[in-house]
Amino acid sequence: MNNLEKENKYLRAKEKVEEQRKFYTSLISYVAFILFLGAVNYWTDEWRYPWFLWAAFGWGIGLVFQGVKVFGVIPFLGKGWEDRKIKEYMNEDKKEERWK
C-alpha cells in the first residue's frame, strides 16, 4: 500500500469520525433543548397541551435523517454507493475517450 492510498484511507476515516461527532453533538443538543422545552411547557401550561412535542417531532425527523446518512442505514445513499458511481462515471469517460 503506497502513501497515497494510506492518506486517502486516513482522510475518509477522519471525515467519517467528524460526521459521527456532529451527529452526537446534535443528539445531545436535541435532548437538552427538548427537555428544556418540556420543562417550560410544564411550568407554563401544566401539560394541558404538550406543544413541545411538535418541536421534538420536527427536530427529531431531521436528526433521524442525519443518523441515517452518518451510519449508512440506507445502502444506496452511503459512501460505498458514491464511490461506485464515481468509478462508474470515470470508466464511462475512459470508454468515450477510446472511441474518439
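FYI, it's all coordinate maths here, none of it is from the lab. Values in this document were obtained by computation on a predicted structure and should not be read as measured data. For neighbour counting, all protein chains shown are included, and Cβ atoms are generated from backbone atoms with ideal geometry for every residue, glycine included.
Regarding Arg48, is this residue outside any helix (DSSP H, G or I), among the basic types (Lys, Arg) and out of contact with any Ser or Thr (no Cβ under 9 Å at 6 or more places or on another chain)?
Values: outside any helix (DSSP H, G or I): yes; among the basic types (Lys, Arg): yes; out of contact with any Ser or Thr (no Cβ under 9 Å at 6 or more places or on another chain): yes.
Spelling it out, Arg48 is indeed outside any helix (DSSP H, G or I), among the basic types (Lys, Arg) and out of contact with any Ser or Thr (no Cβ under 9 Å at 6 or more places or on another chain).
Within the stretch 1-13, take every residue that is surrounded by fewer than 10 Cβ atoms within 10 Å (Cβ to Cβ) and in a helix (DSSP H, G or I) and give me the one that is farthest from the chain's Cα centre (by Cα). Before the answer, list the steps.
Here is the first cut: in the stretch 1-13, the residues surrounded by fewer than 10 Cβ atoms within 10 Å (Cβ to Cβ) are 1-5.
Then drop every residue that is not in a helix (DSSP H, G or I), which leaves 3-5.
On the way: Asn3: 29, Leu4: 27, Glu5: 25 Å.
Result: Asn3.
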